[in-house]
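Visitor: Before I ask anything, here is the structure I am working with.
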Amino acid sequence: MNDMTIEPGSASLAAPFIKQMIVQLRAMDSYGTYDTWSDEKVLDPMILTKARRREIPVVGDPDEVVVSRIKAYYNAIAVRVEQECGLMAVPMINLSHEGFGRALIMVGKLVVIDKALRDVHRFGFDSVEKLDEEAEKQVARALTNIEKFRAAAED
């Protein structure tokens, strides 16, 4: 990836989802590579500017690093759902080797998020703000579903 896209000390890093996203990315670093990295550097690969997108082929298979970022994203959404509703949220991701699949987040017996995934080798967001905005939309949808079907969520 080219130069970092996130300004050091950016106010957008204080958003609850972004903080959780950084926690999740760091948690997946089993070799301690991120220990000395700033939060901006850890989060930076999630940001795909137009220039970065042009560097990625239109057709391709996701590598383990990209898959781990997707898992971190849905783990962070699940944690945000838990924080908001007080019920355990469990993410489940099923991906083919070609980068197609589905992401589900379950609360009790209720599927609160069901997202079709495709072309995941190009997974990323235009900016930190867009990352936060999209994730919080997902959280809001999940909370609406939980409110609507509370009995299934608590089951």
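The values are calculated or read from the model by the stated rules, or taken from the named source; none is laboratory data. A quick note: this is a predicted structure, and the numbers were derived from the prediction, not measured. FYI the Cβ positions are ideal-geometry reconstructions off the backbone, even for glycines, and counts take in every protein chain you see.
Visitor: Can you pull out the residues in the range 63-100 that are touching a residue at least 40 places away in the same chain (Cβ under 8 Å), part of a helix (DSSP H, G or I), out of contact with any Phe, Trp or Tyr (no Cβ under 6 Å at 6 or more places or on another chain) and of a type in the set (D, E, K, R)?
Guide: Hits for the range 63-100 are Arg69, Lys71, Glu84.
Visitor: Whether any residue in the range 23-42 is surrounded by 11 or more Cβ atoms within 10 Å (Cβ to Cβ), charged (D, E, K, R), within 24 Å of Val120 (Cβ to Cβ) and modelled with pLDDT of 95 or more is what I want to check.
Guide: yes
Visitor: Also, quick follow-up: From the set of residues in the range 23-42 that are over 18 Å from Glu64 (Cα atoms) and either of a type in the set (Ser, Thr, Tyr) or assigned to a helix (DSSP H, G or I) (or both), which is nearest to the chain's Cα centre (by Cα)? Reasoning before the result, please.
Guide: The first filter runs over the range 23-42 and keeps only residues over 18 Å from Glu64 (Cα atoms), leaving 23, 35-41.
Right, trim to either of a type in the set (Ser, Thr, Tyr) or assigned to a helix (DSSP H, G or I) (or both) and you get 23, 35-36, 38-41.
Working: Val23: 11, Asp35: 20, Thr36: 22, Ser38: 19, Asp39: 15, Glu40: 15, Lys41: 16 Å.
The residue in question is Val23.
Visitor: Going through the range 111-139 one residue at a time, which ones are farther than 21 Å from Leu95 by Cα, of a type in the set (S, T, N, Q) and part of a helix (DSSP H, G or I)?
Guide: Passing the criteria: none in range.
Visitor: Residues of the range 105-120 being of a type in the set (A, V, I, L, M), in contact with a Lys or Arg (Cβ under 8 Å, 6 or more places away or on another chain) and surrounded by 13 or more Cβ atoms within 10 Å (Cβ to Cβ), which ones?
Guide: Val112, Ile113, Leu117
Visitor: Still on this structure: Got a sec? Which of Glu154, Glu136, Glu129, Glu147 is among the charged types (D, E, K, R) and touching a Pro at 6+ places or on another chain (Cβ under 9 Å)?
Guide: Only one candidate passes the filter, namely Glu136.
Visitor: If you check Val59 against the conditions, is it touching an Asp or Glu at 6+ places or on another chain (Cβ under 9 Å) and loosely packed, with under 12 Cβ neighbours inside 10 Å?
Guide: Taking the combined requirement at face value, the residue satisfies it.
Visitor: A further question on this structure: Quick check on my filter: what residues within the range 69-124 are touching an Asp or Glu at 6+ places or on another chain (Cβ under 7 Å), over 16 Å from Ala135 (Cα atoms) and among the small types (Gly, Ala, Ser)?
Guide: Passing the criteria: Gly99, Gly108.
Visitor: Moving on to the next point. For the range 62-86, give me each residue that is under 13 Å from Phe123 (Cα atoms) and not aliphatic (A, V, I, L, M).
Guide: Selection gives Pro62, Asp63, Glu64, Ser68, Arg69, Lys71, Tyr73, Tyr74.
Visitor: Looking at Asp126, Asp119, Asp155, which one is modelled with pLDDT under 95 and over 30 Å from Arg54 (Cα atoms)? Outline the logic, then answer.
Guide: Numbers: Asp126 fails: over 30 Å from Arg54 (Cα atoms); Asp119 fails: over 30 Å from Arg54 (Cα atoms).
Being modelled with pLDDT under 95 and over 30 Å from Arg54 (Cα atoms) holds for just one of Asp126, Asp119, Asp155, which is Asp155.
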